[in-house]
């Protein structure tokens, strides 16, 4: 085995492969399919202060080389996570990283403060990039002033590794990444889904109840890869890359572009064992190319063709 360990802030991951929030539940849902202890980390489904029912159905739709979703952060709230979910998933030998959401800075702080009291949780992912809610989420992630404000506010009360999840629906994602870096982020994860829509031409109606939703899957990979490369060249903090990673080759491309770790999202719906297969694939790649450690290929893109 090659050395697959990577560091995000002060947090060491046993390998760079994690699962993306919203695609893997809390992890326990996949425990019948894979050994969760093999994962570098699990970014759990988005958490809000109170119970959210999410958006009306239909809220998912398949598209060419991808999918649209408008689930709308359905969850039972932070107290339910702490009391019912975390006691079950904390037994797994991997980092459990909550994805924190809110419709206001006060709501972000409410969730963060409660999670900050749990010693075994070593990091949170501050989601300022969700395109599926009417308030908060992406509203914080598309304006630099609000991204700075919420990151600074959370940083003041959070002593965990702070990972800020960025929206791709901005003019200059590198500028946004630098802004949250200057505001106290220990790392950034990108990209979240792109805002898209689907229409049923036969009924002349939108496919999703919300009309628009978040586009994910292999269709977005080239754009996500470009953004990860841009951000990794603009900031000094680690970058976690995601967006259309379907196999080990895709994950390696993100690492070569500058990502210290990756998140697997839509691919989990197609193959629930894909994350472990990607871990094995990265290890094989390192061995075949005589690399001793995955750190040797982070940002290893060769400029000359």
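At a glance:
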{"item": "Three semi-axes of the equivalent ellipsoid, the chain, Cα gyration tensor, whole Å, largest first", "result": "26, 23, 20"}
{"item": "Residue-span extension gain [residue 236 to residue 106] - 0.36 nm each, minus C-alpha spacing", "result": "43.9 nm"}
{"item": "Relative contact order of the range 173-274, pairs being alpha-carbon contacts under 8 Å that are 6 or more residues apart, as %", "result": "28 percent"}
{"item": "Estimated FRET transfer efficiency (residue 117, residue 37; beta-carbon r; R0 35 Å; 0.05)", "result": "0.90"}
{"item": "Approximate spin-label separation residue 76-residue 182, in nm, with each point projected 7 Å along Cα-to-Cβ", "result": "4.3 nm"}
{"item": "Residues listed by number, the range 21-56, amide nitrogen under 16 Å from residue 284 label point at 7 Å toward C-beta", "result": "none"}
{"item": "Förster-model FRET efficiency, 35 Å R0, residue 145 and residue 226, C-beta, rounded to 0.05", "result": "0.90"}
{"item": "Fraction of antiparallel bridges per DSSP, the chain only, in percent to nearest 5", "result": "40 percent"}
{"item": "Length-normalised contact order of the range 1-84 in % [C-alpha pairs under 8 Å, at least 6 apart]", "result": "23 percent"}
{"item": "Stretch gain in nm, segment residue 84-residue 212, where the contour uses 0.36 nm per residue and the Cα spacing is subtracted", "result": "42.8 nm"}
{"item": "Full-stretch length increase - residue 171, residue 204 - with 0.36 nm per residue and alpha-carbon distance subtracted", "result": "8.8 nm"}
{"item": "Pairwise centroid distance, computed over Cα atoms, of the range 134-198 with the range 38-68, Å", "result": "18 Å"}
{"item": "Sequence-separation-based contact order of the range 6-297, relative, with Cα cut under 8 Å and 6+ spacing, percent", "result": "20 percent"}
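Values quoted throughout were computed directly from the atomic coordinates according to the rules given, and no laboratory measurement underlies them. Note that this is a predicted model, so its numbers are computed, not measured. Using ideal geometry, Cβ is built from the backbone for each residue, glycine included, and neighbour counts are taken over all protein chains shown.
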